[in-house]
Structures are given as structure tokens and as C-alpha cells.
Amino acid sequence: MITTKKVIVPIILLAIAAVITIVYNIIYPLRSFEYDILAFYGFLAFVSFSLVLVFQRFVDTPRIHLPLSIGWGMVFISAVEKFLGEYLDTFDPVGLPSTEDFYTATIGIGFGISVIGFYFWMAHNRQQDQYRDQQHKIIELYTSLMSHDAGNDLQAILGYIEAALLVPDGCSPKTLELLEAAQASALRMTSLIKAFKPEISDADNRLIPILEMSSHQAVKAHMGLSIDIEADDETEDIEVVGGSMLQMAFANLFRNSAEYAGNDPTVNIKVSKDVENAIITVSDKGPGIKEELQSNLFQRGGSGDGHGFGLYLARQIVAACGGTIELLDIEKGAAFRIVLPYTK
């Protein structure tokens, strides 16, 4: 994109080149010259000025287009002077030092500054490539989430509705409880669909609200489940990457506790932080995870019962957000430690 400030740069370069050309042609007489050398410096001036125009037009990052424009601008002005010096007698009869070596050195310095700009440009492109790769992985995770989580919740809704229809006394407390669980599962599906929206507000990335929303939906969806959150005061406003996707990761951990941690399980969540990362520990007091399953726990189908997709997805989501998840060794129950870099 061309801005007023960017337009000034090539205009200034042209003005300097025009002034030098006019002054030199007035002051210095003509002399014999070699056409090939003259053509070389003329071509160098043309190419360098064209590159300045290209960088001003297509490169928006200041730390990239500034060194590129300055470097090739120096090459352009020096090439113009060298071009003039080839057909004009610029020898100083007084014996002052010749400017030929100075402008030759300036061309070299200009190339050097341009190399710095090209380095920044390549580094920027590598960052963009990494970002696109990360986005591609996240899209693949979205597809997996839709096929896995939406399918599970649909089955839960159908099961709760069928159970509610079997209750003979109408809207009894038990019926209402079942219907509330079905509603919670439907709301969870809504959150999953929202994860497909590219716009994620700042509030969606705050860690504590993410945990509170995931916990609330899990308690509603899984009867008998309770979740306690213990967070340090300094973690209240920290933000992490992931938003709605992280809700899916935590939901899969809570579902595992609801299914395998016995009747009326309680999940304990502790949140703390260090200099760069938020640390979340999710634990329950169930029977724990069998030792033979632990090595492949986060692999697809690692549960050994033909399922085991939830923890695999949880790990993929956490990894896509720049974090790690691991199973902790505790005396009773299962505990997972999640480390996520925070942005605020």
C-alpha cells in the first residue's frame, strides 16, 4: 500500500539525482568514456530505483522496507554519480581527494544495508509460513472436534431425551434434571460451533473464564460431577491463545473424570503461573489410569477400549496453542498438568 510518507522517498531520490546531474553538467566538461561502463552504471541506477519503488509499494513492515529503501537508495544515488563521472571530467585540479572511491564504497554500504533488509524480509516470511502452518493444523483440529465432540454430545442428548420419555410422572425433579443435562449438552455443542468463528474477543481468551465456562457446562452435562477451581489472584486476568478451542480440551478431561472416576466424582483444578506460562493442574480421586495405558495415553485410540480420542484431541489442542500436557504420577486418581504460554 502506498502512503504519503512512502511516496516522498522516491521523490527525494529523483530530486537528488536531478540536482547532481544538473550541477555536474554545468561544472564539469565532457571527456572520452567507455560505453560499456556507462551502460553498467546506468542500468544499476535504473534497477536500484525500480527496487525502491517496488519495496515502497508492496512491503508494509517498516523494519523491512526502511533498510531496503535506504540501501538501494544509496546504491541509486551513487550509481548516478558514477554514471556522470564516466562521461564528465570530474578531476579536481586543486588536488583534493577524488570522490570516486567514496561513491564506490557507498555502493557497497548500500548493498550491505539492503542485505539486512532482505534478512528481515526472509525472517518475516518464515514467521508467516509458521503462522499458516499453525492455522492449517487448527483447521484440521476443528474437523476432528466436530466429528468427535458433536457426535458424542448428540448421543448424550438422545440418551437423556429417551430417559426422560421413560419417566412416567411427567415433569418430576428427576425429569427436570435429565432435561437440564440435555440442555447443557446442547449448549456445549453451541460452544463447539462458536469455535469455528474466526473472531475471538479478548474476553474469550482469559484463562479463568474459559475454565469456569467449561466447568459449568461439564457439571450440567454429567450428572453427579462437581468441579472445584482454585486459582491464585495473579492469574485472574491472564490471557492465553485458544479461546473456545481450549474449552474443548478441558471438556474432554472433565468427561474422562465423569466416565471413569466413579460415582459423583469431584474434579479439582489448580491454576498458577510462572514468568512465562500458566500452569493448570486437573485431578480427580478416581481409580486412576492403568499403568499399561499410560505410555500411549495421548495417542489416537490410546485408551485401549476402541475410543481414546478425547485425550488425543486435548493434547493436539494444547500443542496448537503452544503448550504441553502431561500425566502426573500421584498416589490416587488421575492428574494432568497443562502448561500454556500467556500473552497478558
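Listed by first and then second residue, the pairs with beta-carbon distance under 7 Å, at least 6 apart or on different chains, first residue in the range 281-310 and at negative phi and not assigned by TED's automatic domain parsing to the domain that holds residue 256, second at pLDDT below 85 and in a loop (DSSP other than H, G, I, E, B), form an empty list. Mind checking whether some residue in the range 49-63 is outside any helix (DSSP H, G or I) and either modelled with pLDDT of 85 or more or buried (at least 16 other Cβ atoms within 10 Å of the Cβ) (or both)? Within the range 49-63 (the criterion being outside any helix (DSSP H, G or I) and either modelled with pLDDT of 85 or more or buried (at least 16 other Cβ atoms within 10 Å of the Cβ) (or both)), the answer is yes, since at least one residue qualifies.
Residues of the range 49-74 being among the hydroxyl-bearing types (Ser, Thr, Tyr) and under 14 Å from residue 11 (Cα atoms), which ones? Walk me through how you get there before you give the answer.
Going through the range 49-74, the residues among the hydroxyl-bearing types (Ser, Thr, Tyr) turn out to be 50, 61, 69.
Result: 50, 69.
Considering only the range 291-329, state which residues are aliphatic (A, V, I, L, M) and modelled with pLDDT of 85 or more.
Hits for the range 291-329 are 311, 313, 314, 317, 318, 319, 320, 325, 327, 328.
Residue pairs whose Cβ atoms lie under 8 Å apart, separated by 6 or more positions or on different chains, with the first residue in the range 46-63 and over 16 Å from residue 123 (Cα atoms) and the second surrounded by 13 or more Cβ atoms within 10 Å (Cβ to Cβ) and basic (Lys, Arg), are 56/6; 57/6. Between 263, 268, 277, the distinction of being in contact with a Pro (Cβ under 6 Å, 6 or more places away or on another chain) and not aliphatic (A, V, I, L, M) belongs to 277 only. Within the range 41-56, being in contact with a Ser or Thr (Cβ under 8 Å, 6 or more places away or on another chain) and hydroxyl-bearing (Ser, Thr, Tyr) holds for no residue.
Do the conditions hold for residue 105, that is, is it assigned by TED's automatic domain parsing to the domain that holds residue 49, at pLDDT 85 or above and more than 27 Å from the chain's Cα centre (by Cα)? So residue 105 does not fit the description; no.
Note on the range 6-23: residues that are surrounded by 15 or more Cβ atoms within 10 Å (Cβ to Cβ) and at pLDDT below 85 total 3. Checked against (1) surrounded by fewer than 21 Cβ atoms within 10 Å (Cβ to Cβ); (2) modelled with pLDDT of 85 or more; (3) within 26 Å of the chain's Cα centre (by Cα), residue 196 passes all but a single condition, namely (2). Residue selection: residue 32 satisfies the criterion of being surrounded by fewer than 20 Cβ atoms within 10 Å (Cβ to Cβ) and either assigned by TED's automatic domain parsing to the domain that holds residue 104 or in a helix (DSSP H, G or I) (or both).
Checking every residue in the range 267-277 against the condition of being of a type in the set (A, V, I, L, M), modelled with pLDDT under 90 and farther than 19 Å from residue 297 by Cα gives at least one match. Just so you know, in the range 218-239 the residues that are crowded, with 22+ Cβ neighbours inside 10 Å and modelled with pLDDT of 85 or more include one that is nearest to the chain's Cα centre (by Cα), and it is 218.
The values are calculated or read from the model by the stated rules, or taken from the named source; none is laboratory data. Quantities reported herein were computed from a predicted structural model and do not represent experimental measurements. Don't worry about glycine lacking a Cβ; one is built from the backbone with ideal geometry, like all the others, and counts go over all protein chains shown.
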